[in-house]
Amino acid sequence: MVRVVLCLLYDNYEEKKPAEYFEELLGWDFYRTLINDKGYIRAIQQLAKEQAKDVGLCPICGRIAYSIEDEFCYFCNVQPLEDEWGRTECIVCGRKNSVIYDKMNIHLGGNHHSMPGLCQHCDAHPQIFECPICGQMHWLYSDTYDWMCYDGHCTTQGVDYKD
Ligand SMILES: [Zn+2]
Ligand SMILES: [Zn+2]
Ligand SMILES: [Zn+2]
């Protein structure tokens, strides 16, 4: 019932994201109680599944309501800035672009150009390395290949670097 009503309502939306739309429509107080309601949670997850091509786990609210193609969450409305989240493929489930990591902070001192990642499809938690010279990304501590850059050395360009 909730689901049907929400989908009908949301069909009328124009520029707003679903979470914004429902919050405005229903009022903050009612919305706040709704977001803990199992029926509502299910309804939003279903809405995301019907409207978005590629839906995955949202790292912020933990719901399966994140549109990977459009980069926003149907449930909590998180919308990362461009280049805030890096993306790479998942070697566990094989999906392209389904692993996210904190691209903004990956090159901060002490991180060794790596950050924890999360696959939005299979919940794998790899450690992701991003080369600061050429931008190549791969999973740390998994298979190693000759072509891989590593901390302190860019294999693509054949140069060493410090930090
Ligand atoms: Zn979310
Ligand atoms: Zn995966
Ligand atoms: Zn490199």
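Laboratory data are not the source of any read-out in this text; all were calculated from the coordinates shown. A quick note: this is a predicted structure, and the numbers were derived from the prediction, not measured. Cβ placement follows ideal geometry from the backbone for every residue including glycine, while neighbour counts extend to all protein chains displayed.
At-a-glance table
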quantity	calculated
Fewest-first sequence of Asp123, Asp146 by Cβ atoms within 10 Å of each Cβ	Asp146, Asp123
Extension reserve of the Ala124-Thr156 stretch, reckoned as 0.36 nm per residue once the Cα distance is removed	8.8 nm
Alpha-carbon centroid distance for the pair region 24-103 / region 121-163, whole angstrom	27 Å
Positive dipole terminus of the chain, leading residue within Gln51, His112, Gly158 (C-beta point charges)	Gln51
Aspartates and glutamates whose Cα lies under 17 Å from that of Lys162, excluding same-chain neighbours fewer than 8 positions away	Glu130, Asp151
Loop-located GluC sites (Glu not before Pro) in region 75-163, at most 10 other Cβ atoms within 10 Å (DSSP)	Glu82
Rel. contact order, % - alpha carbon contacts under 8 angstrom, at least six apart, the chain	12 percent
Trypsin sites (Lys or Arg not before Pro) within region 80-160, DSSP loop, no more than 14 other Cβ atoms inside 10 Å	Lys96
Computed E for Phe30/Ser142 - FRET, C-beta separation, R0 45 angstrom, nearest 0.05	0.45
Helical segments meeting 18 Å axial Cα length and Kyte-Doolittle -1.0 threshold in the chain (DSSP H)	38-51
For region 80-163: span of alpha carbons on each principal axis (Å, largest first)	35, 29, 19
